[in-house]
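S.K.: Below is a structure I'd like to ask you about.
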Amino acid sequence: MNKVLELKKVSRTYSLNGEPLNIFKDIDLTIKKKERVALVGPSGGGKTSLLHVAGLLEAPSSGDVLVKENLIDWSSDRVLSNHRLKDIGFIFQFNNLLSDFSALENTALPYIISGNSRKIALEKAELLLSQVGLEHRTHSFPNQLSGGEQQRVAIARSLINNPSIILADEPTGNLDFESSINVINIFNNLVDEYKCSIILATHDSNIAKMQDRTISIEGLSS
Ligand SMILES: Nc1ncnc2c1ncn2[C@@H]1O[C@H](COP(=O)(O)OP(=O)(O)OP(=O)(O)O)[C@@H](O)[C@H]1O
Ligand SMILES: [Mg+2]
């Protein structure tokens, strides 16, 4: 299976003061296996909205989304949550982690929720945390970690269920230049190793250039 995600004529319209507001219209996008795609565009251009539709967090106003060539039925919560858990990883810009859980527990949680044993989940989480260079911080809580360390935990967590695709929304938006490049290098190496695709929304042209191709939300919308 070569296509991990497809958007077909996807549009998103919000209502503002009773008036329809078109954020994007008739977007067609295909992400292939192992492809790393940067998503760029102006602030307010619709990058987050597009990632929310692609990540099955929000239904499009019209159009179809296919995950691993399965057409998404937006009326079935069970189907949506199953895809979100097993096929799609999400990394947010802020507030990625649950504050009452350690780095190890945050990373392990999606695997436990998927019905796996806690013991195996913690072992997998430990391996992933060492792969992002945090073997010495596994028992730290989010407020004891730096911004870059927190984002590395979010990367580890996004990979624990071996998703086909990770949607990363400005994952380095609040980090300095050097930490950003460091986090993206770790991210890129790991998604290659785990044979995962990514869409990474970014304002930073240096980070966009580190992906296989760049798409602009303005160029996608008709
Ligand atoms: N729930 C909503 N209701 C109405 N308008 C919304 C809603 N959510 C987002 N918008 C509007 O949709 C547009 C796109 O927002 P979005 O967050 O997707 O942009 P973005 O490209 O991610 O911007 P940034 O680069 O600043 O993160 C904005 O004009 C925003 O105000
Ligand atoms: Mg955004």
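S.K.: Using the Cα gyration tensor of the stretch 143-221, with a ≥ b ≥ c the square roots of its eigenvalues, what is the shape: rounded (a/c below 1.5), prolate (a/b larger than b/c) or oblate (neither)? Intermediate results must be reported in sequence, preceding the final value.
M.R.: On the way: a/c = 1.81, a/b = 1.19, b/c = 1.53.
Taking the square roots of the gyration eigenvalues as a ≥ b ≥ c, the stretch 143-221 is oblate.
S.K.: Round to a whole angstrom and tell me the spacing of the C-alpha centers of the stretch 167-222 and the stretch 33-80.
M.R.: The stretch 167-222 and the stretch 33-80 have Cα centres spaced 17 Å from each other.
S.K.: With everything on Cα atoms, drop me the angle between helix 177-193 and the longest principal axis of the chain, reported from 0 to 90° to the nearest 10.
M.R.: On a 0 to 90 degree scale, this one is about 90.
S.K.: Rounded to a whole number, what % of the accessible area of the chain do carbon and sulfur atoms account for, probe 1.4 Å?
M.R.: The C+S portion of the solvent-accessible surface of the chain is 48 percent.
S.K.: Taking a label point 7 Å from the Cα of Lys33 along the Cα→Cβ vector, which residues of the stretch 89-110 have an amide N closer than 20 Å to it?
M.R.: 89
S.K.: Count neighbours as other Cβ atoms within 10 Å of each site's Cβ, and list the trypsin sites (Lys or Arg not before Pro) in the stretch 120-222 that are DSSP loop with at most 16 such neighbours.
M.R.: Answer by residue number: Lys195.
S.K.: Pairs of alpha-carbon atoms within less than 8 angstrom and 6+ residues apart define the contacts here; what relative contact order does the stretch 52-97 have, in percent?
M.R.: For the stretch 52-97, the relative contact order is 29 percent.
S.K.: Using only the Cα atoms of the chain, each taken as one equal point scatterer with no solvent, compute I(q) by the Debye sum, divide by I(0), and report log10 of the ratio at q = 0.12, 0.15, 0.17 Å⁻¹.
M.R.: -0.63, -0.98, -1.23
S.K.: If you fit an axis through the alpha-carbon atoms of helix 147-159 and take the longest principal axis of the Cα set of the chain, what angle between them do you get, 0 to 90°, nearest 10?
M.R.: 80
S.K.: Quick one: angle between helix 118-131 and the longest Cα principal axis of the chain, in degrees between 0 and 90, rounded to 10, please.
M.R.: 80
The values are calculated or read from the model by the stated rules, or taken from the named source; none is laboratory data. Since the structure is predicted, the reported quantities are computational estimates derived from the model, not experimental observations. Note that we place each Cβ from the backbone using ideal geometry, even for glycine, and neighbour counts take in every protein chain shown. Surface accessibility is based on the protein's heavy atoms, side chains included, excluding ligands, DNA and RNA. Shrake-Rupley method; radii C 1.70, N 1.55, O 1.52, S 1.80 Å.
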